[in-house]
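Okay, so here's the structure we're looking at.
The values are calculated or read from the model by the stated rules, or taken from the named source; none is laboratory data. From a predicted model like this one, the values you see are computed outputs, not experimental measurements. Quick reminder, even Gly has a Cβ in these numbers, built from the backbone with ideal geometry, and neighbours come from all protein chains shown. Side chains are part of the model used for accessible areas, which takes the heavy atoms of the whole protein and leaves out ligands, DNA and RNA. Shrake-Rupley method; radii C 1.70, N 1.55, O 1.52, S 1.80 Å.
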Number of protein chains: 2
Amino acid sequence: MKEETKTTFEVVLTPALLPLYDLKGKTVVVTDILRATSSMCVAFEYGIRQIIPVSHVEDAMVHRKSGLKTAAERDGQKVEGFDFGNSPFDFMIKELEDQSLVMTTTNGTKAIHLSSNAERIYIGSFLNLQAVADRIIKENKSVVVVCSGWKDKFNLEDTLFAGALAALVENEFDMNDDATIAAKTIWDVQKNDLFSFIKKASHAQRFERLGIDKDIEFCLQQNIYNFVPEVADGMIKVEKDLVQ
Amino acid sequence: MKEETKTTFEVVLTPALLPLYDLKGKTVVVTDILRATSSMCVAFEYGIRQIIPVSHVEDAMVHRKSGLKTAAERDGQKVEGFDFGNSPFDFMIKELEDQSLVMTTTNGTKAIHLSSNAERIYIGSFLNLQAVADRIIKENKSVVVVCSGWKDKFNLEDTLFAGALAALVENEFDMNDDATIAAKTIWDVQKNDLFSFIKKASHAQRFERLGIDKDIEFCLQQNIYNFVPEVADGMIKVEKDLVQ
């Protein structure tokens with residue numbers, strides 16, 4: 001039997017289920033593997049100073065008019081009139097260094113806003129998976145992984161990330177949450193063949209139609225970055241900025 | 001590649017996600033393995049003529065006062081003042097033969113009511129799994145499996161049923177729905193060890209506290225009944241009554 005005093009680890013399979021969870025005092029890890037939280041990690045690797053997540057395209061446009069760099073994606077495609085879409089490759093450029101970036105996406109930025117009751121909100125992706133695991137183990141607070149899904153529906157890739165994170169920290173948390181058990185089961189079976197599994201999924205098939213197959217391959221790489229972006233006061237920053 | 005013309009098979013992981021699905025013209029299979037839809041199957045095996053599913057305990061009480069047999073469960077326990085709770089063993093009695101039964105449960109009867117836009121609603125459990133599979137293959141209509149969950153949260157046992165049904169009919173339906181792929185993946189891994197897997201889950205742990213462990217074992221039996229209860233005009237009946 002697990003000890004009663006252990007902190008808990010739960011998985012919210014889509015943002016539509018968030019109202020059922022009490023986030024107070026807990027750490028949320030938001031994930032949107034294809035592609036918002038993966039691309040955010042890329043932008044930080046390439047020197048972005050901060051990301052301002054906004055829910056609506058109109059809000060992003062207000063920022064654009066005031067001169068900020070803006071990324072906007074809806075239904076998997078860049079919204080016309082903005083600097084960037086949602087592909088990780090969009091952010092692999094020198095000119096973003098030390099800039100602020102405003103970002104709005106179909107699912108990921110929405111999930112961040114819906115998690116605002118949490119004590120802390122971290123940005124998780126396969127790219128920084130181990131760094132997120134290390135952080136939540138070190139802090140020893142109850143964790144809720146929020147999968148961004150696709151328009152409030154369940155998706156496989158975010159669930160796989162939740163399962164991967166659960167597998168890395170399972171000795172440190174109480175994990176009798178059904179969604180966590182499901183996510184970890186799927187991860188355990190598919191971890192050595194992620195790409196072909198994801199390709200079966202409806203979201204990936206939508207991506208294939210959009211010709212952004214290489215984004216999927218990039219976003220499934222594990223542990224190429226060693227930092228954890230955090231949402232604080234409406235901004236996303238990496239630790240080096242937060243502790244300044 | 002699957003043919004475009006194939007009918008679709010989707011899984012709704014909790015009733016909270018039902019508003020995202022268009023049920024019009026489709027067949028819904030409602031499942032609440034622990035225990036509503038399993039117990040309904042038992043009641044039909046023991047000769048119940050029809051079940052009237054109601055959402056609220058108050059509505060069930062109105063029927064009780066008018067003299068009907070009533071089953072009411074909340075939070076896993078029989079509600080005081082009613083004839084039966086939600087255990088399959090409650091319905092293994094002769095005196096229910098040819099009677100009408102009013103039933104309200106925490107999750108299952110709610111899921112039935114929320115599925116009312118569907119063309120047909122079937123009652124699915126492991127007890128009549130193959131019969132449900134045969135029926136939906138024969139009818140060749142698009143199918144949505146509605147998992148009743150636990151108070152709108154995801155649960156493992158209903159997802160396992162969805163995965164088991166998916167596995168039986170996968171050659172007949174288009175199955176690129178992420179939730180279906182997830183459910184089938186979990187089923188494929190755990191199908192030979194259902195009981196110990198279910199015992200890990202939060203719902204089963206709640207059941208253990210209630211001392212109804214034998215209900216779980218009973219409800220995980222496969223294909224002991226060969227009929228498919230159907231919801232029509234607010235009543236649940238089995239085929240022999242529907243065709244009279």
Can you tell me which residues in the stretch B:106-138 are open to solvent by 30 Å² or more (accessible area, probe 1.4 Å) and touching a strand residue (DSSP E or B) at 6+ places or on another chain (Cβ under 6 Å)?
B:ARG120
When you go through B:ARG209, B:ARG135 one by one, which is the residue that is basic (Lys, Arg) and under 30 Å from A:VAL11 (Cα atoms)?
B:ARG209
Here are B:LEU17, B:LEU23, B:LEU34: which of them is assigned to a loop (DSSP other than H, G, I, E, B), in contact with a Phe, Trp or Tyr (Cβ under 8 Å, 6 or more places away or on another chain) and of a type in the set (A, V, I, L, M, F, W, C)?
B:LEU34
Unmet criterion (only one of (1) free of Cβ contacts under 8 Å to residues at least 12 places away in the same chain; (2) among the acidic types (Asp, Glu); (3) within 14 Å of another protein chain (Cβ to nearest Cβ)) for B:ASP213:
(3)
When you go through A:VAL189, A:VAL132, A:VAL231, A:VAL143 one by one, which is the residue that is in contact with a Ser or Thr (Cβ under 9 Å, 6 or more places away or on another chain) and without any contact (Cβ under 8 Å) to a residue 12 or more places away in the chain?
A:VAL189
Cβ contacts < 6 Å: first residue over 10 Å from A:LEU165 (Cβ atoms) and among the β-branched types (Val, Ile, Thr), restricted to the stretch A:116-127; second residue part of a strand (DSSP E or B) and open to solvent by 10 Å² or more (accessible area, probe 1.4 Å), any location; separation 6+ or different chain. Result?
A:ILE121/A:VAL231
Meets criteria (open to solvent by 10 Å² or more (accessible area, probe 1.4 Å), among the hydroxyl-bearing types (Ser, Thr, Tyr) and touching a helix residue (DSSP H, G or I) at 6+ places or on another chain (Cβ under 7 Å)) for B:SER87:
yes
Of the listed residues (A:ALA60, A:ALA71), the one being under 19 Å from A:PRO229 (Cβ atoms) and not in a strand (DSSP E or B) is A:ALA60
In the stretch A:185-195, residues that are at the interface with another protein chain (Cβ under 10 Å from one of its Cβ atoms) and farther than 14 Å from B:ASP188 by Cα total 0
From B:LYS184, B:LYS191, B:LYS141, B:LYS199, grab the single residue that is in contact with a helix residue (DSSP H, G or I) (Cβ under 8 Å, 6 or more places away or on another chain) and open to solvent by 60 Å² or more (accessible area, probe 1.4 Å).
B:LYS191
For the stretch B:144-170, name all the residues that are within 13 Å of chain A (Cβ to nearest Cβ), open to solvent by 10 Å² or more (accessible area, probe 1.4 Å) and part of a helix (DSSP H, G or I).
none
Can you pull out the residues in the stretch B:86-114 that are part of a helix (DSSP H, G or I) and of a type outside the set (Lys, Arg)?
B:PRO88, B:PHE89, B:ASP90, B:PHE91, B:GLU95, B:LEU96, B:GLY108, B:THR109, B:ALA111, B:ILE112, B:HIS113, B:LEU114
Go through (1) at pLDDT 95 or above; (2) touching a strand residue (DSSP E or B) at 6+ places or on another chain (Cβ under 9 Å); (3) not in a loop (DSSP other than H, G, I, E, B) one by one and return the number of the condition B:LYS141 breaks.
(3)
Taking B:MET103 as the residue in question, decide whether it is under 17 Å from B:SER148 (Cα atoms) and either modelled with pLDDT of 95 or more or open to solvent by less than 50 Å² (accessible area, probe 1.4 Å) (or both).
yes
